[in-house]
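Engineer: One structure follows; several queries about it will come next.
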Protein chains: 2
Amino acid sequence: MDNFTYCTPTRYLFGKDTENQAGKMTAEMGCKNIMLVYGHGSVVRSGLLDRVKKSLDQANITYTELSGIDPNPTDDRVYEGIEIVRQKNIDGFLAVGGGSVIDTAKAIALGVPYDGDFWDFYSGKANANTATALPVGVVLTIPAAGSEGSGNSVITRKEGLHKISLRTDFTLRPKFAILNPELTFTLPQSQTVAGIADMMAHIMERYFTPTTDVEVTDRISEGILKAIIEEAPKVIARPDDYQARANIMWAGTMAHNGICGCGRVEDWVSHAMEHEISAVYGVTHGAGLAVVFPAWLTFMANHASAKPAQFARRVFGVNNHDDKSAALEGITALRGFFLSLGLPVTFGMLGIETPDIDLLVKKLHENKGEIIGGYYRLTQADTYEIYKMMLNGDI
Amino acid sequence: MDNFTYCTPTRYLFGKDTENQAGKMTAEMGCKNIMLVYGHGSVVRSGLLDRVKKSLDQANITYTELSGIDPNPTDDRVYEGIEIVRQKNIDGFLAVGGGSVIDTAKAIALGVPYDGDFWDFYSGKANANTATALPVGVVLTIPAAGSEGSGNSVITRKEGLHKISLRTDFTLRPKFAILNPELTFTLPQSQTVAGIADMMAHIMERYFTPTTDVEVTDRISEGILKAIIEEAPKVIARPDDYQARANIMWAGTMAHNGICGCGRVEDWVSHAMEHEISAVYGVTHGAGLAVVFPAWLTFMANHASAKPAQFARRVFGVNNHDDKSAALEGITALRGFFLSLGLPVTFGMLGIETPDIDLLVKKLHENKGEIIGGYYRLTQADTYEIYKMMLNGDI
């Protein structure tokens, strides 16, 4: 186990009707005049936005709206938000939505007190860990990105389609996150399952590590994965199954608030590979991950099979003493699980008939470096091979 | 799953040499003149106290010492501490030790700003959740009580030997906890194994719940238990096995910081039953729990076997389709595990040849109420039966 620091100060408020406490929680984080950030129609249509506004009114909190945030959110909305916040003396944020909305709010919150271009933090020119940010609260509607409990923010720079994940220890952790599983009943199945793939990937990116002797963190990770695999089919069978939705929602937060990474090097190559796919082809992040992860694991079965074998045995109950064979059985089980939820496992199923793999590899290594990966160090030839494997899910 | 709020703001600093950052962390929690609380010889003998003092000096933090805190800490030391803190304008605490030292520091921290008797919080006369407390930091030397990450404090009132556990959501959570597994190398085996029983009990008190559909929290709990069962024998075989000590230490914190209780009613009868035993007979809390828990579980195998059966199957790999039989096999496995570590499983092994069960039952229900328990409601006749089972570990 490696030395580590860990702190998750986000206050989680979980359960039915909790969105009605949004105003009270916003006041408790010390805000009076906030920016209310959200996306498109469903938040409005469902009546959620009205309930949140009523709650803000009751707590005497004024707000300015920044709406229409798209999936794979872009820097232009961040610049727009920073300008408005500065003009109106806004003192905090309430993000109502999923990862894109939360990540946009976080980026604005970080950019406002900074003298330079907010993108400096994403490009690595400035250090967000030592920076300050305005406080952010969340009402979560899509369990997937885990941004409600993480210190991270993913923004795409429109120019050049650079999708960059910024990671901070504390600076960008929300002050509170309101998690009402009922708000997820009406999520389309495609979004539900993409979210499930995303949260599983958040755990697996941390699980596949070169660090040994991390039994506690391993067992916690395996446990959450098993819970997701148990609960996911129930959510598909009955979208308004409160208990299953509740477990999936809490799993999504636990998957990404850092508990699964304590004491070890993490990987994150699969996310980086997927970020290039969604930056270029605009696919849903979670669906892209369902394609990337089995391919990445197949490469690992051939090159570093011990941990994929443990994953297969402990998470999918594979009973095979040979590491490589066990790993491959685990990958078959994982791919079968994704397919059973209606997730894609190949470029073709993702709607990308002739992917430009050369471009993906070029951009990947431009953004992330010549050799990448925490679990296993990958060259351009390696990532090319992994992208190629996604052409045919059966390898 | 029940509605819940959850927040763990404690900053964990985990790993080798981390105690040298005690001064820096104390300064970061906003303190300049603290009370340094610790126990007996080993903290001094090992040189740890000198390193901590040096670190405080380097951070220009002055301190007053309160030393010699005993296991099962008592209210007299708390009153003494409150008086000194008020006289010397002390602004925070650094507790160097295990649960007794930390809980004493927390009790003083809570008592100082309070106008009345600090015991009001423990007796239920005053609400600690809405009270304020001075900040507390921790350098942990005994992984067991989990107080380094919890909002709890257990103090015994000398008059009448009332041992009471005060539980707060946030008020008493430490601002930081320094966890260096190397500090636990020299723990006597008896303390190591008592700590292991204690942390397992902290998980099981939360695991045995009437709340259904808590799959994520269940799987996390089972995972940490499995990690403890895997790592504990290594620590006994080689006390300076850093990796095993590290896993046990982190498990102890995770066992009690609330993550294993999210979304459900908890039980806590076994702790309450043990508190009476250690209040009357002065035994080590963890050793007492190793005696109580299998007896409590045996009663449950007869009255509410579903969850004990799940525990047996998932934690100990019991393969038996009948719930009661599976539960009993799990209890045998748990008792065998405790015995393999050298823990007691009967009153006699605990050194109590003729326990006054009538007294224990009387005090238990005086302190906790006529009917007690979250998982299953127990009358005085029931708790009498459970105490009786501890006479003979084989039931």
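The values are calculated or read from the model by the stated rules, or taken from the named source; none is laboratory data. Model, not experiment: these values are computed from the prediction. Positions of Cβ are backbone-derived with ideal geometry, glycine not excepted, and every protein chain shown enters the neighbour counts. Accessible surface areas use protein heavy atoms only, side chains included; no ligands, DNA or RNA. Shrake-Rupley method; radii C 1.70, N 1.55, O 1.52, S 1.80 Å.
Engineer: Would any residue of region A:13-30 have its amide N under 17 Å from a label point 7 Å out along Cα→Cβ of A:K54? List them or say none.
Structural biologist: Those under the cut-off are A:16-25.
Engineer: May I ask you to give the solvent-accessible area per residue for region B:296-342, in square angstrom, as obtained with a 1.4 angstrom probe?
Structural biologist: Roughly 40 Å² per residue, with all protein chains present.
Engineer: Ignoring ligands, DNA and RNA, what percent of the 1.4 Å accessible area of region A:56-98 is carbon and sulfur?
Structural biologist: 43 percent
Engineer: Follow-up. Using Cα-Cα distances under 8 Å and only pairs 6 or more residues apart, what relative contact order does region B:131-223 have, in percent?
Structural biologist: Result for region B:131-223 is 32 percent.
Engineer: Before we go on, tell me the buried accessible area for the B/A pair, both chains summed, 1.4 Å probe, in Å² to the nearest 100.
Structural biologist: 3500 Å²
Engineer: Past 22 Å, Cα to Cα, is the threshold; run A:K32/A:K163; B:K106/B:K362; A:K226/A:K307; A:K226/A:K388; A:K125/A:K158 against it and keep the listed order.
Structural biologist: Exceeds cut-off: A:K32/A:K163; B:K106/B:K362; A:K226/A:K388.
Engineer: Could you work out the mean count of beta carbons from other protein chains within 10 Å of each residue's beta carbon in A:229-238?
Structural biologist: 1
Engineer: I've got another one for you. Got the relative contact order for region A:212-371 handy, in percent, Cα pairs under 8 Å and 6 or more residues apart?
Structural biologist: 21 percent
Engineer: For a protection proxy built on the mean count of beta-carbon atoms within 10 angstrom, sort B:272-284, B:34-46 highest first, please.
Structural biologist: B:272-284, B:34-46
Engineer: In nm, what is the difference between 0.36 nm times the number of residues separating B:E353 and B:F170 and their Cα-Cα distance?
Structural biologist: 61.8 nm
Engineer: Would you mind giving the three semi-axes, in whole Å and largest first, of the ellipsoid equivalent to region A:287-395 according to its Cα gyration tensor?
Structural biologist: 24, 18, 10
Engineer: Further question: What do you get when you divide the Cα radius of gyration of region B:1-88 by 2.2 N^0.38 Å, with N the number of residues?
Structural biologist: Ratio of Cα Rg to 2.2 N^0.38 Å: 1.31.
Engineer: Compute the Rg/Rh shape ratio of region B:40-104: radius of gyration over Kirkwood radius, all on alpha-carbon atoms.
Structural biologist: 0.96
Engineer: What fraction of the DSSP beta bridges in region B:32-103 is antiparallel, stated in percent and rounded to the nearest 5?
Structural biologist: For region B:32-103, the DSSP antiparallel bridge percentage is about 0.
Engineer: Nm distances between the label at A:P239 and the same-position labels in the remaining copies, 7 Å along Cα→Cβ, shortest first?
Structural biologist: 6.1
Engineer: Taking only the C-alpha atoms, wrap a convex hull around region A:211-259 and report its volume per residue in Å³ as a whole number.
Structural biologist: Convex hull of Cα atoms, per residue: 67 Å³.
Engineer: Determine the equivalent ellipsoid of region A:206-323 by diagonalising the alpha-carbon gyration tensor, then write out the semi-axes as square roots of 5 times the eigenvalues, largest first, rounded to whole Å.
Structural biologist: The answer is 23, 20, 15 Å, longest axis first.
Engineer: What residues in region B:197-227 lose 20 Å² or more of accessible surface when the other protein chains are added to their chain alone (1.4 Å probe)?
Structural biologist: SASA drop of 20 Å² or more in region B:197-227: B:D213, B:E215, B:V216, B:R219, B:I220, B:G223, B:I224, B:K226, B:A227.
Engineer: Within region A:141-159, which residues have the backbone N less than 15 Å from the label spot 7 Å out from A:T186 along Cα→beta-carbon, could you tell me?
Structural biologist: Label zone hits: A:141-142.
Engineer: Plugging the Kirkwood radius over Cα pairs into Stokes-Einstein for region B:128-176, at a temperature of 20 °C and a viscosity of 1.002 mPa s, what D comes out in µm²/s?
Structural biologist: So the translational diffusion coefficient is about 180 µm²/s.
Engineer: Let me check I have the definition right: for chain B, take the eigenvalues of the Cα gyration tensor, multiply each by 5, take square roots. What are those semi-axes in whole Å, largest first?
Structural biologist: Here the semi-axes work out to 34, 23, 19 Å.
Engineer: GluC sites (Glu not before Pro) within region A:293-395: which are DSSP loop residues with at most 11 other Cβ atoms inside 10 Å?
Structural biologist: A:E353, A:E370
Engineer: A further question follows. Accessible area per residue for region B:53-149 in Å², computed with a 1.4 Å probe and the full protein assembly in place, what is it?
Structural biologist: That works out to 37 Å² for each residue.
Engineer: While we're here: Express as a percent, rounded to the nearest 5, the fraction of DSSP beta bridges in the protein assembly as shown (both residues included) that run antiparallel.
Structural biologist: 30 percent
Engineer: Something else: Calculate the length of the line joining the C-alpha centroid of region B:35-99 to that of region A:272-338, in whole Å.
Structural biologist: 50 Å
Engineer: So who's got an amide H within less than 5 Å of the one on B:G39, skipping anything under 5 residues away but keeping other chains? H placed 1.01 Å off N, in plane.
Structural biologist: Hits under the 5 Å cutoff: B:G68, B:I69.
Engineer: Less than 16 Å apart at the alpha-carbon level, and either on another chain or at least 8 residues along: which aspartates and glutamates does that give for A:K16?
Structural biologist: Straight-distance partners of A:K16: A:E182, A:D240, A:D241, B:D2, B:D213.
Engineer: Using a 10 Å cut-off on Cβ to Cβ distances, tally the other chain neighbours for every residue of B:261-274 and report the average as a whole number.
Structural biologist: 1
Engineer: Can you list the copy-to-copy distances for B:G369, using a point 7 angstrom from Cα toward Cβ, in nanometres, shortest first?
Structural biologist: 5.6
Engineer: Let me ask another. Summarise the partner chain shielding of B:7-13 as one whole number: the mean count of Cβ atoms from other chains within 10 Å of each residue's Cβ.
Structural biologist: 6
Engineer: Next up: Could you work out how far apart the two model spin labels at B:S46 and A:Y114 are, taking each label as a point 7 Å from the Cα in the direction of the beta carbon, and quote it in nm?
Structural biologist: Each label point lies 7 Å from its Cα, and together they span 4.2 nm.
Engineer: Further question: List the distances, in nm and shortest first, from the label point of B:L339 to the matching label points in every other copy, placing each point 7 Å from Cα along the Cα-to-Cβ direction.
Structural biologist: 4.9
Engineer: Using only alpha carbon pairs under 8 Å that are at least six residues apart, calculate the relative contact order of chain B and give it in whole percent.
Structural biologist: Value for chain B: 15 percent.
Engineer: Here's another thing I want to ask about it. Mind checking Rg over Rh on the protein assembly as shown, alpha carbons, Kirkwood formula for Rh?
Structural biologist: 0.97
Engineer: Quick one: with all protein chains in place, what share of the accessible area of region A:275-365 is carbon or sulfur, to the nearest percent (1.4 Å probe)?
Structural biologist: 50 percent
Engineer: For region A:50-189, report the % of Cα-Cα distances exceeding 25 Å.
Structural biologist: Counting pairs separated by more than 25 Å, the tail of P(r) holds 23 percent.
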